[in-house]
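Notes follow the structure.
The values are calculated or read from the model by the stated rules, or taken from the named source; none is laboratory data. Remember, it's a predicted structure, so these values are computed and weren't measured experimentally. No Cβ is skipped: glycine too gets one built from the backbone with ideal geometry, and neighbour counts run over all protein chains shown. All accessible areas refer to the heavy atoms of the entire protein, side chains included, with ligands and DNA or RNA removed. Shrake-Rupley method; radii C 1.70, N 1.55, O 1.52, S 1.80 Å.
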Amino acid sequence: MSQPCDFCTKQKLREHGRWAWSCFNPLLQRHFDLYDSVIDFRGRKARLEIAYDVTDHVAEKRLILHGDIEQLIAHCARLLNDSNGNMHTLLNTTLEEIGRFLEADRCYIFELHGRTACNTHEWCHRGVSSQQKNLQHVPQAAYARWLGPLLSGSSVFLPDVEDIARISPVEYAYLKPQGIKSVLVEPLNVSGELFGFLGVDNPAPHRVQETRITLASISKFMGSTIERFRLINTLEHHSHHDALTGLGNRHLFRQELEALSGPGAAILLLEVNGLKKINETYGMQYGDELLARIGDMLGKLAETGRAFRLSGGEFAILWSSIDKAAFADTQ
């Protein structure tokens, strides 16, 4: 094309930020959230666009449920879609809404990391002690019986924890000291894989059926929210880092330069001579490998500073504070 397409979002982009929008693709019959950002790609500005399929998310919003459950799920969906909040706050606020509605003691999120699980978010009813610090790197043996159902997309409900004392002593040893009498957990999927689980301890007996419906619906919104923030973080990273070397790019260099305050700052500028000839003689792949090796070397050389690739074969190291003798040794 000799000029941008009519639908191009180029004019809406900023060098230090991102632009998000939604659309429905009639050909695919799918809804998408799109995140656009300017990135530095091999010394040139480029637009990175990530399209995130939210069709299932939109469908969940349209579910017709009953009474208070419908209102709670709609409210939590709005909370989790707040573009101005940070992920930690949005998830914790949602846990509180769920816990209060279900009249539960605790409501929490566990993330799976290899063969352990970590309690990353938690809400506790007044008078109930927090367990989050005690539930880091929980061994798989404590929740091994849950993995099968969770991986298949099913919830796990223990109406009476005492029933598992003999069946699964390790599981019982973790649940009993927390004062858990009953527990319901729902799988938390992100990018189509089991990310962790959403759990509720001791929901009110008359809320058990509502607990199942509530967690099944809201866990999907939570999974979508976690994935959305992952994509945003990816955009943030690519808009401030060079894709080839992993070093900060020119945009990040300018930001850190403007943020400098006080004496002792120093900048070392370097340029690879003959890069064009190297590419022409040995090929672009060889040139890229050379730049990557240089970037790795400068990253180690910087030590107390930070290395950047500004463009092509131009690099820089920035120190916010360094004495003259140490700077001279670096040169």
- prompt: Of all the residues that make up the stretch 201-248, how many are closer than 26 Å to TRP21 by Cα and in a loop (DSSP other than H, G, I, E, B)?
  reply: 2
- line: Flagged in the stretch 72-102 as assigned to a loop (DSSP other than H, G, I, E, B) and under 13 Å from THR214 (Cα atoms), in numbering order, are LEU102
task: Could you check GLY148 against (1) free of Cβ contacts under 8 Å to residues at least 12 places away in the same chain; (2) open to solvent by 60 Å² or more (accessible area, probe 1.4 Å) and say which number it fails?
output: (2)
Filter result (of a type in the set (Ser, Thr, Tyr) and either surrounded by 14 or more Cβ atoms within 10 Å (Cβ to Cβ) or under 24 Å from ALA259 (Cα atoms) (or both)) within the stretch 286-331: THR304, SER311, SER320, SER321, THR330
task: Would you confirm whether any residue within the stretch 262-285 is open to solvent by 40 Å² or more (accessible area, probe 1.4 Å), out of contact with any strand residue (DSSP E or B) (no Cβ under 8 Å at 6 or more places or on another chain), within 29 Å of SER37 (Cα to Cα) and of a type in the set (Ser, Thr, Tyr)?
output: no
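Could you pull out the residue among VAL161, VAL200 that is without any contact (Cβ under 8 Å) to a residue 40 or more places away in the chain, crowded, with 16+ Cβ neighbours inside 10 Å and among the aliphatic types (A, V, I, L, M)?
After applying the criteria, what remains is VAL161.
Determine whether the stretch 40-48 contains at least one residue that is within 27 Å of LEU198 (Cβ to Cβ) and at pLDDT below 85.
no
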field: Members of the stretch 54-74 found to be modelled with pLDDT of 75 or more and surrounded by 15 or more Cβ atoms within 10 Å (Cβ to Cβ), listed by number
entry: VAL54, ILE69, LEU72, ILE73
Residues of the stretch 160-200 classified as over 26 Å from the mean Cα position of the chain (by Cα) and either of a type outside the set (A, V, I, L, M, F, W, C) or in a loop (DSSP other than H, G, I, E, B) (or both), total: 18
- prompt: All but one of (1) farther than 30 Å from ARG230 by Cα; (2) open to solvent by less than 10 Å² (accessible area, probe 1.4 Å); (3) in contact with a strand residue (DSSP E or B) (Cβ under 8 Å, 6 or more places away or on another chain) hold for GLU171; which doesn't?
  reply: (3)
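Taking the stretch 116-145 only, how many residues are hydrophobic (A, V, I, L, M, F, W, C) and open to solvent by 60 Å² or more (accessible area, probe 1.4 Å)?
Of the residues in that region, 0 qualify.
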